[in-house]
Every structure is written in structure tokens, then in C-alpha cells.
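The values are calculated or read from the model by the stated rules, or taken from the named source; none is laboratory data. Keep in mind that this is a model prediction, so the values were computed, not measured. Cβ placement follows ideal geometry from the backbone for every residue including glycine, while neighbour counts extend to all protein chains displayed. We work out accessible area using only protein heavy atoms, side chains counted, and drop any ligands, DNA or RNA first. Shrake-Rupley method; radii C 1.70, N 1.55, O 1.52, S 1.80 Å.
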Amino acid sequence: MGRAFEYRKAAKMKRWGAMSRVFPKLAKSIEIAAKAGGADPETNSALRTAILNAKAENMPKSNVEAAIKRATGKDAANYTDVNFEGKGPHGVLIFVETATDNNTRTVANVKMHFNKNGGSMAPTGSLEFMFDRKALFEFNKTEDMDLEELELELIDAGLEEIEEEEGIVLVTADYKDFGALNKAFEDIGIELTKAKLERISNNPQEFTEEQQEEIGKLLEKLEDDDDVQAVFTNMA
């Protein structure tokens with residue numbers, strides 16, 4: 001299996017954690033998409049994707065509907081995407097994506113998490129080149145699906161790699177081709193189970209179990225923060 005597939009398998013549960021952390025973050029993604037492009041998923045592809053990912057995590061329909069309602073209400077929050085970069089224990093590189101309605105609060109909290117858990121913030125843009133931004137799509141393989149034929153159909157839309165393991169297919173592409181590939185799947189009639197943007201280390205590093213445990217304490221604090229949407233590292 002390729003690096004992206006192994007990365008997905010290793011990071012899947014760690015990134016999202018327990019449902020108490022997952023649902024608020026998914027709801028925020030839905031709110032942002034609905035406010036930007038409207039409350040109808042049929043005409044708002046970003047909202048369709050956000051709802052798709054919420055369903056993949058078994059988020060109740062009522063939570064999805066409540067998030068859309070909040071986004072279209074007169075008191076809807078204005079979220080801004082803000083990224084942070086830093087180093088954690090043992091020199092691990094960390095990239096943090098947030099969606100915030102109070103940048104001062106978010107900056108202070110993220111800085112606190114780094115400082116209290118053996119890490120330090122880095123200047124914006126200083127570590128971004130260490131991560132490749134990729135579009136990842138996941139779906140179930142059907143009995144009549146020919147992956148070689150599918151690969152040929154999707155290359156023009158930006159496909160870089162297609163892999164299958166135990167009936168689950170993962171397609172990787174450059175992040176700029178997210179929209180084109182998403183539409184290609186719709187046109188072909190493939191029902192995705194997940195579609196997201198990831199930052200994958202282009203130089204992953206090995207850490208001992210003890211080091212990973214120390215690093216994990218910082219990652220957990222960051223992932224628990226209400227404003228943090230995703231955390232990426234260069235851990236192999």
C-alpha cells in the first residue's frame with residue numbers, strides 16, 4: 001500500500017477521537033459551508049461534502065439539520081480559517097488548521113497548548129512546505145468495479161493514485177483537483193463515503209513509543225480545542 005493509504009489508516013481515529021470532539025467540529029464545517037454557499041446540498045457541493053463526512057462519522061441527522069439552521073440564521077457566526085505551525089516534543093512538526101470567530105482567543109489557546117506541552121510556535125509559512133496538501137476520496141468497491149478502467153476515467157480529473165484494501169478504495173489527488181474529482185465521481189455514479197483535504201508529510205520521521213506518548217499529549221490538547229478542525233504531523 002502507498003504512503004497515503006497507510007497514513008489514513010494510522011491517523012483516522014487519532015485525528016477525530018471520541019464523538020464528543022467529532023460532532024462539534026463536523027457541525028462547524030457544515031455551518032461554514034452552508035453560510036458560504038447556501039443551505040441546499042443539491043446546489044452547494046461544499047455542503048454536500050461536509051454532510052457526507054458527518055454521515056461517515058455517524059453524526060445524527062438532527063445535528064446536521066441544526067448546524068444548517070444555525071448557519072442560515074440571523075445570528076450565524078462568522079468563521080475565519082486560520083492555520084498555525086509549530087514544533088512539538090522531540091522536534092516533531094505540527095500543522096494546525098482552525099476555524100474561529102475570535103482570532104485573539106484562538107491564537108492564545110493554541111500558543112498555550114504548545115508552550116505547556118513541550119512545544120513552540122513557528123512563524124507562519126515556515127513549515128507548510130514540509131507537508132503536501134492532498135485531496136482524499138474514499139468509497140466502497142463493488143463487485144463489477146474495474147479499478148484499472150476507473151483509474152483511466154479519473155486521470156483527466158486529477159487522480160494521482162488509486163488503492164484498494166479490504167473492499168475500501170482510496171483515491172489521492174492534488175488539493176487543487178478536489179472539485180474536479182468530486183464532480184467526476186458524481187458523474188460516474190460512485191457514492192463516496194468520505195472526501196476531505198489532508199496535509200501529508202513529505203518527509204515522515206520515526207519516533208519511539210515513549211516519544212510518541214509525549215507528542216500525543218500535545219496533539220490531544222490541540223485536538224480537544226473547540227477552534228481546531230484538524231492537526232497534522234510528520235510522524236511516520
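Taking the range 119-172, which residues are over 22 Å from the mean Cα position of the chain (by Cα), under 27 Å from Ser201 (Cβ atoms) and among the polar types (S, T, N, Q)?
Ser120
Please work out which residue is surrounded by the fewest Cβ atoms within 10 Å (Cβ to Cβ), limiting yourself to the range 13-54 and to residues that are modelled with pLDDT of 90 or more and outside any helix (DSSP H, G or I).
Filtering first and then ranking leaves Glu42.
Checking Ser126 against (1) in a loop (DSSP other than H, G, I, E, B); (2) of a type outside the set (A, V, I, L, M); (3) in contact (Cβ under 8 Å) with a residue 60 or more places away in the chain, which test does it fail?
(3)
If you go through the range 81-91 one residue at a time, do you hit one that is closer than 20 Å to Ala34 by Cβ, within 21 Å of the chain's Cα centre (by Cα) and modelled with pLDDT under 95?
Scanning the range 81-91 turns up at least one residue that is closer than 20 Å to Ala34 by Cβ, within 21 Å of the chain's Cα centre (by Cα) and modelled with pLDDT under 95.
Identify, please: which residue in the range 55-80 is farther than 20 Å from Ala230 by Cα and part of a loop (DSSP other than H, G, I, E, B) and is, among those, nearest to the chain's Cα centre (by Cα)?
Ranking the candidates gives Pro60 first.
Collect the residues in the range 163-195 that are assigned to a strand (DSSP E or B) and open to solvent by 30 Å² or more (accessible area, probe 1.4 Å), keeping them in residue-number order. Steps first, please.
Initially, the range 163-195 is screened for residues assigned to a strand (DSSP E or B), giving 163-165, 168-174, 194-195.
Across the range 163-195, the qualifying residues are Glu164, Glu165, Ile168, Asp174.
Between residues in the range 62-73 that are more than 13 Å from Gly37 (Cα to Cα) and residues that are modelled with pLDDT of 95 or more and of a type in the set (Asp, Glu), which pairs lie under 8 Å by C-beta distance while being six or more apart or on different chains?
Ala67/Glu31; Arg70/Glu31
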